[in-house]
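To start, the structure under review is shown below, and the notes come after it.
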Amino acid sequence: MTKAPGALLCVALLATAACTSGQSDDQRPTGTTLRVIASSELADMRPLLDQMRKETGVELVIEHRGTIDATNSLTPGNYQHDIAWLSTDRYFDLKLIRSGYTGPRPISNRFMVTPLAIGVKPRTAEALRSSTADRHLSWADLADRAAMGMTRFGMADPRHAGSGLSALIGVATAAADTGRALRPEDVTCDRLRGLFTGRTLNADTSAQLAEEFTAKQDSADALINYESVLLSMNASGKLREPLEILYPRDGLVLFDYPMLLLDPAKREAYDKVIAWLTTDRAQQEIMERTKRRPLDTRIPRDPRFRELSTNTLYFPGQQEVIDKVLAEYGRPQSQKPAHVVFALDFSGSMAGSRIAALRSTFAGLTGGDPSTVGKFVRFYKGERFTVLRFGGQVLDERDFTISGQQDLDAIRDHIAVDGFDPSTGVWAALDRAYAKAAELTREHPDVPVTVVLMTDGESNTGPALSEFLRRHDALPPAAKAVRTYAVRFGEANAAELRRAAEATGGRMVDANATSLSQAFKEIRGCR
């Protein structure tokens with residue numbers, strides 16, 4: 001993974017008290033104390049650090065936080081700690097760039113590594129493998145099954161935890177399917193929602209997430225966390241059944257726990273710490289006690305460490321990407337199933353190959369598209385739809401709520417109905433779609449609503465575009481805020497569709513430039 005975003009005293013005193021509990025004043029070791037801000041899961045290093053203190057005289061007084069929270073507390077040039085010990089410094093490097101800091105980067109050393117992995121209950125692991133062509137799990141496969149409630153999982157909050165942020169980036173990178181690091185334009189509003197319908201367990205840090213899962217083992221089938229944490233959970237004896245550890249084939253994320261020296265004046269003590277942690281004995285202890293992989297290749301590997309043959313994920317090189325991913329994750333609307341009103345052209349010109357393309361598109365959206373992107377943009381459990389078929393007038397209108405396969409089948413059956421109208425009333429249909437949107441926003445103000453309009457011809461009956469815009473301008477604020485995403489097909493008037501979409505805050509996609517299926521993927525329920 002290449003590069004890609006009074007209380008302290010109390011914590012320090014508590015940590016010191018914990019380390020020296022049971023000792024008299026004259027028994028406490030003397031030497032150097034280093035103040036450390038560290039990722040939360042590194043609490044498992046405490047026994048090794050106690051031994052290090054006895055042998056080197058250097059004591060680490062540690063404040064534990066989620067990796068992202070810890071990184072956000074670091075102000076270049078004005079650090080409040082002597083050392084930062086993070087699961088990864090990729091987010092820190094982006095912060096240095098964004099801050100405009102021109103001073104020297106803190107020196108760093110690494111001595112252990114662990115990959116991000118998915119711990120899965122055995123029965124769920126077999127179901128996941130069976131749903132794939134090559135029996136190797138991908139982020140897209142997880143998203144596909146989570147979208148329909150077939151896999152429930154836990155993940156730490158990406159706004160606080162490095163494991164959560166990296167998982168989110170992994171999912172977003174896989175969903176973009178570009179083969180490179182995420183760019184701001186690759187982060188779209190529709191690719192993550194299906195996955196997160198399956199998340200049933202959440203915590204601020206990876207350590208808290210492990211505790212939550214152990215206490216509520218029926219609440220999730222899988223857990224996205226560090227390999228070391230998952231192996232430690234299996235070894236704890238607290239799980240009813242050990243988790244099978246899977247590594248997504250479309251993006252491996254490695255965490256190498258750099259120890260950064262923030263205060264150069266403490267270099268001598270820092271060097272002692274690094275020297276001790278890189279000894280053969282310490283490297284062996286790190287592997288046995290914390291289940292992390294030692295960087296020293298001379299140390300025989302624990303057989304539970306599988307060979308990592310999957311691709312390494314590219315970390316974004318722009319802070320803007322991280323901000324956009326987190327903003328989309330944090331929006332309340334992104335955590336709720338949406339209601340999409342589809343206004344679909346069933347005029348005579350759609351008969352034949354064009355209606356076949358539309359039906360194929362909906363077959364893909366209802367789970368029939370095996371591509372990576374198809375698995376991310378498919379309809380998901382809890383999502384609601386209104387399908388409005390129109391010609392010169394509205395031909396029919398039907399509501400759907402996705403609760404299982406039968407609802408997906410019902411949508412496909414509805415689109416399969418023939419009965420084309422000889423004329424095309426685009427703006428009458430869009431006007432009716434907004435009447436439905438007004439009804440939905442009034443009755444369910446917390447449900448996000450979007451309109452998707454698809455037509456292959458110019459409007460030749462009913463009101464003109466100007467009349468639609470006038471009526472749209474008079475809508476209640478909530479309905480007026482609903483966006484239209486127009487899909488141009490065939491001979492539809494591009495200028496008018498673009499004008500209508502942009503007037504509502506949406507945009508137009510030209511399916512003639514790609515395909516109808518690709519156009520719907522691009523704007524699928526987007527908002």
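The values are calculated or read from the model by the stated rules, or taken from the named source; none is laboratory data. All figures in this text were calculated on a predicted structure; none of them were measured in a lab. Here the Cβ positions follow ideal geometry from the backbone for every residue, glycine too, while neighbour counts run over all protein chains shown. The protein model used for the area step is the full one, side chains on, heavy atoms only, and it has no ligands, DNA or RNA in it. Shrake-Rupley method; radii C 1.70, N 1.55, O 1.52, S 1.80 Å.
Does at least one position in segment 425-439 carry a residue that is touching a strand residue (DSSP E or B) at 6+ places or on another chain (Cβ under 6 Å), surrounded by 15 or more Cβ atoms within 10 Å (Cβ to Cβ) and either among the β-branched types (Val, Ile, Thr) or not in a helix (DSSP H, G or I) (or both)? Checked against the condition, which is being touching a strand residue (DSSP E or B) at 6+ places or on another chain (Cβ under 6 Å), surrounded by 15 or more Cβ atoms within 10 Å (Cβ to Cβ) and either among the β-branched types (Val, Ile, Thr) or not in a helix (DSSP H, G or I) (or both), segment 425-439 yields at least one hit. Of the residues contained in segment 223-236, one or more are found to be over 30 Å from residue 108 (Cβ atoms) and surrounded by fewer than 15 Cβ atoms within 10 Å (Cβ to Cβ). Residue 275 meets each of the listed conditions (1) open to solvent by 10 Å² or more (accessible area, probe 1.4 Å); (2) of a type in the set (A, V, I, L, M, F, W, C); (3) in contact with a Ser or Thr (Cβ under 6 Å, 6 or more places away or on another chain) apart from (3). Which residues, counting only those in segment 44-69, are at pLDDT 95 or above and of a type in the set (A, V, I, L, M)? 45, 48, 49, 52, 58, 60, 61, 62, listed by residue number.
Contact annotation: residue pairs with Cβ atoms under 6 Å, 6 or more positions apart or on different chains, pairing a residue in segment 80-96 that is closer than 10 Å to residue 67 by Cα with a partner that is assigned to a strand (DSSP E or B) and not hydrophobic (A, V, I, L, M, F, W, C), are 86/39; 87/39.
With respect to (1) out of contact with any strand residue (DSSP E or B) (no Cβ under 7 Å at 6 or more places or on another chain); (2) open to solvent by less than 70 Å² (accessible area, probe 1.4 Å); (3) at pLDDT below 95, the lone exception for residue 514 is condition (2). Of all residues in segment 23-30, none satisfies being open to solvent by 50 Å² or more (accessible area, probe 1.4 Å), on the phi > 0 side of the Ramachandran plot and modelled with pLDDT under 95. Taking residues in segment 218-236 that are over 21 Å from residue 141 (Cβ atoms) and of a type outside the set (Phe, Trp, Tyr), and partners anywhere that are open to solvent by 20 Å² or more (accessible area, probe 1.4 Å) and part of a strand (DSSP E or B), the pairs with Cβ atoms closer than 6 Å and at least 6 places apart or on different chains are 219/200. Scan segment 170-191 for residues that are touching a Phe, Trp or Tyr at 6+ places or on another chain (Cβ under 7 Å) and of a type in the set (A, V, I, L, M, F, W, C) and the total you get is 4. Screening residue 374 on (1) closer than 23 Å to residue 353 by Cβ; (2) open to solvent by 30 Å² or more (accessible area, probe 1.4 Å) shows it passes everything except condition (2). Quick check: is even one residue across segment 309-320 in a strand (DSSP E or B), in contact with a Phe, Trp or Tyr (Cβ under 6 Å, 6 or more places away or on another chain) and of a type outside the set (Lys, Arg)? Checked segment 309-320: no residue is in a strand (DSSP E or B), in contact with a Phe, Trp or Tyr (Cβ under 6 Å, 6 or more places away or on another chain) and of a type outside the set (Lys, Arg).
The single condition among (1) out of contact with any Asp or Glu (no Cβ under 6 Å at 6 or more places or on another chain); (2) within 25 Å of residue 65 (Cβ to Cβ) that residue 134 does not satisfy is (2). Among residues of segment 459-472 being loosely packed, with under 14 Cβ neighbours inside 10 Å and part of a loop (DSSP other than H, G, I, E, B), the one that is farthest from the chain's Cα centre (by Cα) is 460.
Residue 397 fulfils the conditions (1) farther than 22 Å from residue 483 by Cα; (2) outside any helix (DSSP H, G or I); (3) open to solvent by 10 Å² or more (accessible area, probe 1.4 Å) except for a single criterion, (1). Taken over segment 75-109, residues that are loosely packed, with under 14 Cβ neighbours inside 10 Å and either among the basic types (Lys, Arg) or touching a strand residue (DSSP E or B) at 6+ places or on another chain (Cβ under 7 Å) (or both) amount to 1.
Scanning segment 186-216 for residues that are open to solvent by 20 Å² or more (accessible area, probe 1.4 Å), modelled with pLDDT of 90 or more and not hydrophobic (A, V, I, L, M, F, W, C) turns up 200, 202, 204, 208, 211, 212, 214, 216. Here residue 496 meets the list (1) open to solvent by less than 70 Å² (accessible area, probe 1.4 Å); (2) touching a strand residue (DSSP E or B) at 6+ places or on another chain (Cβ under 7 Å) almost entirely, failing just condition (2).
Name the residue that is farthest from residue 148 (Cα to Cα), counting only residues in segment 365-379 that are assigned to a loop (DSSP other than H, G, I, E, B) and out of contact with any helix residue (DSSP H, G or I) (no Cβ under 7 Å at 6 or more places or on another chain). Selected residue: 371. For residue 327, the conditions (1) in contact with a strand residue (DSSP E or B) (Cβ under 8 Å, 6 or more places away or on another chain); (2) open to solvent by 50 Å² or more (accessible area, probe 1.4 Å); (3) in a helix (DSSP H, G or I); (4) not aromatic (Phe, Trp, Tyr) are fulfilled apart from (1). Being open to solvent by less than 10 Å² (accessible area, probe 1.4 Å), assigned to a helix (DSSP H, G or I) and at pLDDT 95 or above is a condition met by no residue of segment 440-458.
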